[in-house]
1. Expressed as a rounded percentage, what relative contact order does segment 2-266 have, with Cα pairs under 8 Å and six or more residues apart?
2. Determine one quarter of the surface area of the Cα convex hull of segment 191-245, which equals its mean projected area, and express it in nm² to one decimal.
3. Pick out which of 85, 77, 203 has the largest mean-square fluctuation in a Gaussian network model of the chain, springs linking Cα atoms closer than 10 Å.
4. What order, most packed first, do the peptides 96-102, 51-57, 171-177 have when packing is the mean number of other Cβ atoms within 10 Å of each residue?
5. On the first, second and third principal axes, largest extent first, how far apart are the outermost C-alpha atoms of the chain in Å?
6. Could you check which residue among 107, 231, 131 shows the biggest mean-square fluctuation in a GNM of the chain with a 10 Å Cα cutoff?
7. Sorted by average packing, counted as other Cβ atoms within 10 angstrom per residue and highest first, what order do 188-201, 59-72, 110-123, 235-248 take?
8. Counting pairs of alpha carbon atoms under 8 Å apart in space and at least six apart in sequence, what relative contact order in percent does segment 1-112 give?
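Every number here is computed from the coordinates shown, using simple stated rules; none is lab data. What you are looking at is a predicted structure, and each value in this text was computed from that prediction instead of being measured. Quick reminder, even Gly has a Cβ in these numbers, built from the backbone with ideal geometry, and neighbours come from all protein chains shown.
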Ligand SMILES: [Zn+2]
Ligand SMILES: [Zn+2]
């Protein structure tokens, strides 16, 4: 299996060489799992030679537009293209109602001659918020992170912990810096893809580079950084991280032979920059 970053930028990246942080996991039997589907998605897919035709499965981590803003495009495109089947849509069960009622239905509820629902466009597969789903024989564990705390509640995003060919991967999705909450996953992962804000002004709803610098070296050396802003980047390798992920960067995972050899298995096989 191969993991490709269709983009590695922040929600509002203006970098002409990047898109929002959405990934695609290419299976061995013709299925592709899109990890988040933001408003940049049709261009992000086009630039790696893909289209809506290639999207068989989607996972949604939370409801910001850089993670769900492309669902209208995928939903309509697959619905009215006879070559397509309905994509499977995996998502935390607590988001299902909000996704349709408060995000998608305004544009997608009415189609010619009938009223549509989420099921019209997708096969929803709600996952318990701390549960797992299985895709292509691999188990994906949802890891709730604290993304925003408004005046009433904590709004979570749902990261993923999964294993590919013997490599344990923690993909944070959007998260504040909350090492105590995520420590278990940091420690048991072989590789971590971590949300990383790089602006001088901290939004506080993402993990900032300066905060990630405070993590132990043993964690930093397993960590690739993504979801960063337009502009100059610090020297992440110098600071003990694996680096900033570039758009188009791909990862393939080989069986690990020893813990020491692990880092060598994660070299990108292609870098667009
Ligand atoms: Zn985001
Ligand atoms: Zn977000």
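1. Values: 554 pairs, mean separation 46.1, N = 265.
Relative CO of segment 2-266 lands at 17 percent.
2. Working: hull surface 13.8 nm².
Mean orientational projected area (segment 191-245, Cα hull): 3.5 nm².
3. 203
4. Values: 96-102: 14.9, 51-57: 17.9, 171-177: 25.4.
Packing order, densest peptide first, comes out as 171-177, 51-57, 96-102.
5. Sorted largest first, the three principal extents are 59, 46, 37 Å.
6. For the chain, modelled as a Gaussian network with Cα springs under 10 Å, the answer is 107.
7. On the way: 188-201: 20.0, 59-72: 22.9, 110-123: 13.3, 235-248: 17.8.
The densest-packed peptide leads the list: 59-72, 188-201, 235-248, 110-123.
8. Values: 194 pairs, mean separation 22.5, N = 112.
Once divided by the residue count of segment 1-112, the mean separation gives 20 percent.
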